Amino acid sequence: MCSDTAKRETQSRCTLCPAGCELRIGGLGAGGYQSEPPMVPGAGLCPRGLAIGELLDAPGRIRWATRRLDGRRQEIGLAEAARAIIAAAGDRDLVFFLDGALPCEQLLAADAWCRAWPRAKLCVVLEPAERELLLGTEASGAAYLSDADLAGCDGFLIVGDAFAANPACSRGVFNRRAADARVAIIVIDPGGGSAAKFATFRVAAPPGAELAAIAELARAAGVDSPPIAPPDGMDVRSARSAGLALAGCKRPAIILAAEYGRGGDWRQLGYLAGKLAGALGGGVACQTTGANALAAVRLGPRLAAISLADALARQGAAWVTVGCDLLGMLGIRGREILAAGAAFANRSTEAAEFVMPAAIAMELGGMYLLGGERQVCLEALLPPPAGVLEPADVIGSI
């Protein structure tokens, strides 16, 4: 995934948002616990992290394997469930749809299990728009910026509602704004999300016009960009003014958040944004809902995995979802799911004949890739409950 010389760090962090706040609970390393975040700046739980206890004890947590019989759920043992899944699959191939936000060790273990069984195919699932965005930024060769790097930038171009995708990235932007109230914050967000409220330049553009807006902005900044006719509803004048403001920055940051179903050019947008950032001496920061999405993209060529398009096209195969709500994410209705491994009920578990319990993020330790080249080893906060499998072990048991 990354070179052996890449910086490795080991620390405890809030695994619900590894790209964001740090988790330094007093005495954690010695087995201690503190229910409230300490009153130390940058050393506590984020609001999502505070919900850990509620998630662990949630009444809806899936803790036992079940099988649907006569329209009702019946508890069965894990070993029995695995055997029954194989029997129900018959002579069909099995496609395992695995959440691509998992630690690298989970992705590699699942790949090893599927390599060992010719009937099994692995599909690492990412939000389609986020995957396309990351492929574009990777091809651009742009430098990646961490949340901490953002405070050292002197201008920001934000595409999409990046603050909602990762609230921690807003910290660097606001820290810079606090040091210099004149810093340019350019926002291209047809949805008018949270980042747009703090814009000094807001480029008005309809949904799907993000690429055209960036192309116009790049030309105004003196950077070559493809000729794209501005669609109706796009404010060309504001894009040009924003481009001139960005060109005056010595180290701008381009913060990107892809939104599934809005805009179909995320790969081209990521590539152009990366080239623009590189030409102006800055970098990019992709804010994804999947904490390890970039690692999944980089690991992709090394895995014996099939693409999402290929997996969906295999109509005769039996589908098994692990850690991801495939039907909910893609809006698929009326498709049979043979089995689903999950922590909580979702549309995929509702459609599944078999449901198996799976661990949640804070119960998994492993390697994450943050900020392009920064490898971070996260420790599990707690082990999974008895009888609850790690995602890769759901596949291994079958």
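Assorted remarks:
- Residue match in the range 377-387 (condition: closer than 19 Å to Leu126 by Cα and open to solvent by less than 10 Å² (accessible area, probe 1.4 Å)): no
- Residue identified as β-branched (Val, Ile, Thr) and more than 17 Å from the chain's Cα centre (by Cα) among Val376, Val355: Val355
- Of the residues in the range 251-265, not one is open to solvent by 50 Å² or more (accessible area, probe 1.4 Å), farther than 14 Å from Leu217 by Cα and assigned to a helix (DSSP H, G or I).
- Some residue of the range 111-121 being within 19 Å of Ala309 (Cβ to Cβ), touching an Asp or Glu at 6+ places or on another chain (Cβ under 9 Å) and not polar (S, T, N, Q): yes
- Here Met329 does not fit the description of being open to solvent by less than 10 Å² (accessible area, probe 1.4 Å), part of a helix (DSSP H, G or I) and either among the aromatic types (Phe, Trp, Tyr) or at pLDDT below 95 (or both).
- The set of residues in the range 86-97 that are farther than 15 Å from Trp117 by Cα and within 32 Å of the chain's Cα centre (by Cα) contains only Phe97.
- The range 235-250, residues that are in a helix (DSSP H, G or I) and of a type in the set (Lys, Arg): Arg237, Arg240
- Residue count for the range 200-230, restricted to those that are assigned to a loop (DSSP other than H, G, I, E, B), in contact with a helix residue (DSSP H, G or I) (Cβ under 9 Å, 6 or more places away or on another chain) and of a type outside the set (Asp, Glu): 13
- Among (1) at pLDDT below 95; (2) open to solvent by less than 40 Å² (accessible area, probe 1.4 Å); (3) in contact with a Lys or Arg (Cβ under 7 Å, 6 or more places away or on another chain) - the single one Glu363 does not satisfy: (3)
- From the options Gly281, Gly341, Gly372, residue that is farther than 18 Å from Leu102 by Cβ, touching a strand residue (DSSP E or B) at 6+ places or on another chain (Cβ under 9 Å), open to solvent by less than 10 Å² (accessible area, probe 1.4 Å) and not in a helix (DSSP H, G or I): Gly372
- Any helices (runs of 4 or more DSSP H) falling wholly within the range 123-179 and containing at least 1 residues that are open to solvent by 10 Å² or more (accessible area, probe 1.4 Å) and without any contact (Cβ under 8 Å) to a residue 12 or more places away in the chain: 169-179
- For Ala296, the test of being touching a residue at least 60 places away in the same chain (Cβ under 8 Å) and either surrounded by 24 or more Cβ atoms within 10 Å (Cβ to Cβ) or of a type in the set (Ser, Thr, Tyr) (or both) is passed.
- Residues in the range 131-148 that are among the acidic types (Asp, Glu) and within 12 Å of Leu370 (Cα to Cα): Asp147 only.
The values are calculated or read from the model by the stated rules, or taken from the named source; none is laboratory data. All values derive from a computational prediction rather than experimental measurement. Methodologically, a virtual Cβ is constructed for each residue, glycine included, from the backbone with ideal geometry; neighbour enumeration extends over all protein chains shown. To get the accessible areas, we keep the full protein, side chains included, count just its heavy atoms, and leave off ligands, DNA and RNA. Shrake-Rupley method; radii C 1.70, N 1.55, O 1.52, S 1.80 Å.
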